[in-house]
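Encoded as structure tokens, the structure appears first; notes follow it.
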Amino acid sequence: MAEDLKTVVLNDVHQQLGAKMVPFAGYNMPVRYSSDLDEHHTVRRAVGIFDVSHMGEFRVRGPQALPLIQRVTSNDASKLQDGKAQYSCLPNEQGGIIDDLLVYKMADEDYMLVVNASNIDKDWNWIQQYNQEFGADMENVSDQLSLFAVQGPKAAAALQPLTDVDLQRIPYYSFVQGTFAGHEGVIISATGYTGAGGFELYIPNEAAADIWSKVLEAGQPYGLKPIGLGARDTLRLEMGFCLYGNDINDTTSPLEGGLGWITKFTKEFTNSAALRQQKEQGVQRKLVGFLMDGPGIPRAHYDLVNEAGEKIGEVTSGTQSPSLSKGIGLGYVQTALSAPGSKIFVQVRGKNLPATVTKLPFVPGTEE
């Protein structure tokens, strides 16, 4: 089984750093270097670096690039200016979601789509199917790029010595392509998945090892540490960010999943007519965040029930929040019980433990 796993360029480096490696999305990935708790607090309070090179990147170019992106994504990419990124999703024809993704506008007629590792082939084939009509120039560059996420309140200070680009002047969801750690053409993007602020660095594979070591060295005075996927999950969950395959999937509509804000009916896109109708009629269930009222840790697939013990949904993601020292979770519930303050119960080992629906994020972010 392990022989079938893909590896990131720095696979051996992570093992030398003592990382525990696990299979994730078809890749051998570092889940932790020390402890999930220590790594979580490092990112919230200082700065950490994640290797997320398993993510997929597609370049879409030419006069038909924007028409194709508009057709397959739910958000309105025509609003993007050069140097801006946008969160979006790929709706399917049944009301669900093929994947969530980032759309980067590199220049006129030149875009980069960043997709989830587990969906690279699925997304490529899906977009190609629509591209038969448009004929945009598509290139899968996933195997050419490494991606590091440097996240935390001290990220800008730690990285600034490595570049002439003024990092403080890159707004949230914007990016600059420039020289970083002596390497040209690095995309420095003020995006992230932690709510702690910071940058994502898209790097040619041949520069990955050098840039990784230079970031570790430059970040040393700021307490920078390598961080694994375990802390990445608790960090994103504290922000209420969806994880594809858990909180959204082929059967969840963007409107049910709280992604109405990236579903723009000012244009036609895949299944837009049915989703518009769903918006007008209202959804039967909604993805909500909830806090445990007392002890208890919610986990994915635990049942959510009402006061009478009747099932009203299930947990899609759950954990003990390191920042709050409380159990937190995301899950789908009947719309009637989706308002903040609603009382629900989580079935944990045969017991119905009380929880309260709450507004997201659980922890205030520093990025907006």
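The values are calculated or read from the model by the stated rules, or taken from the named source; none is laboratory data. Computed from a predicted model, the values in this text were never measured in an experiment. Here Cβ is always computed from backbone atoms with ideal geometry, including for glycine, and neighbour counts include all displayed protein chains. All accessible areas refer to the heavy atoms of the entire protein, side chains included, with ligands and DNA or RNA removed. Shrake-Rupley method; radii C 1.70, N 1.55, O 1.52, S 1.80 Å.
Mind listing the long-range amide H neighbours of Asn249? Cut-off is under 5 Å, sequence gap 5 or more, other chains count too, H placed in the peptide plane at 1.01 Å from N.
It is Ile97, by chain and number.
Just the number, please: percent antiparallel of the DSSP beta bridges in the range 221-368, rounded to the nearest 5. Working shown, then result.
Values: 30 of 31 bridges.
Close to 95 percent.
To the nearest 20 Debye, how big is the dipole of the chain about its Cα centre, given +1 on the beta carbon of each Lys and Arg and -1 on that of each Asp and Glu? Don't jump to the answer; show the numbers that get you there.
Details: 31 positive and 43 negative charges, 273 e Å.
Using Cβ point charges on Lys, Arg, Asp and Glu, the chain gives about 1320 debye.
All other residues with a Cβ under 11 Å from the Cβ of Gln347 taken together, and with Lys, Arg as +1 and Asp, Glu as -1, what is their net charge?
Details: positive: Arg299, Lys311, Arg349, Lys351; negative: Asp303, Glu314.
Once all neighbours under 11 Å are counted, the net charge is +2.
Can you tally the net charge around Glu139? Count Lys and Arg as +1, Asp and Glu as -1, for every other residue whose Cβ sits under 13 Å from the Cβ of Glu139. Don't skip to the end; give the middle numbers.
Numbers: positive: Arg59, Arg61; negative: Glu57, Asp110, Asp137, Asp143.
My count for the surroundings of Glu139 gives -2.
Please give the Cα centre distance for the range 338-368 versus the range 6-60, rounded to the nearest Å.
If you average the Cα positions of each part, the centres end up 28 Å apart.
Specify which residue in the list Thr191, Ser325, Gly178 is farthest towards the positive end of the charge dipole of the chain, using unit charges on the beta carbon of Lys, Arg (+1) and Asp, Glu (-1), about the Cα centre.
The Cα lying farthest towards the positive end belongs to Ser325.
Taking loop as defined by DSSP and a crowding limit of 11 other beta carbons within 10 Å, which GluC sites (Glu not before Pro) in the range 239-294 fit? Write down the numbers at each step before the final one.
On the way: sites: Glu256, Glu268, Glu280; in loops: Glu256, Glu268.
Loop-located and lightly packed - Glu268.
Looking at the square roots a ≥ b ≥ c of the eigenvalues of the Cα gyration tensor of the chain, which shape do they give, rounded for a/c under 1.5, prolate if a/b is larger than b/c, or oblate?
Working: a/c = 1.78, a/b = 1.16, b/c = 1.54.
Oblate, because a/c is 1.5 or more while a/b does not exceed b/c.
Taking amide hydrogens as modeled 1.01 Å from N in the peptide plane, which residues meet the under 5 Å criterion relative to Thr358, leaving out close sequence neighbours?
Amide H to amide H, under 5 Å and 5 or more residues apart or across chains, Thr358 pairs with Gly289, Phe290, Leu291, Gly341.
Quick check: with the 1.4 Å probe, what order do Ser118, Ser317 take by accessible area, largest first? Display every interim value, and only then the final one.
Working: Ser118 75, Ser317 5 Å².
So, going from the largest accessible area down, we get Ser118, Ser317.
In the range 166-225, what chymotrypsin sites (Phe, Trp or Tyr not before Pro) fall in a loop by DSSP, with at most 15 other Cβ atoms inside 10 Å? Walk me through the numbers before you get to the answer.
On the way: sites: Tyr172, Tyr173, Phe175, Phe180, Tyr193, Phe199, Tyr202, Trp212, Tyr222; in loops: Tyr172, Tyr173, Tyr193.
Hits after loop and neighbour filter: Tyr172.
If you restrict to DSSP beta bridges whose two residues both lie in the range 1-136, what percentage is antiparallel, to the nearest 5?
On the way: 24 of 26 bridges.
Bridges in the range 1-136 are about 90 percent antiparallel.
Taking square-rooted eigenvalues a ≥ b ≥ c of the alpha carbon gyration tensor, is the range 156-231 rounded, prolate or oblate, where a/c under 1.5 means rounded and, failing that, a/b exceeding b/c means prolate? Mind dumping the intermediate values first?
Numbers: a/c = 1.31, a/b = 1.05, b/c = 1.25.
Rounded.
What are the ³J(HN,Hα) values, in whole Hz, obtained from phi via the Karplus relation 6.51 cos²θ - 1.76 cosθ + 1.60 with θ = phi - 60°, for each residue of the range 180-187 in sequence order, with x given for Gly and Pro?
Couplings: 9, 6, x, 10, 7, x, 7, 8 Hz.
Report the trypsin sites (Lys or Arg not before Pro) located in the range 283-368 that are in a DSSP loop and have at most 16 other Cβ atoms inside 10 Å of their Cβ, or state none. Write out the running numbers ahead of the final one.
Values: sites: Arg285, Lys286, Arg299, Lys311, Lys326, Lys343, Arg349, Lys351, Lys359; in loops: Arg299, Arg349, Lys359.
Those satisfying the criteria are Arg299, Arg349, Lys359.
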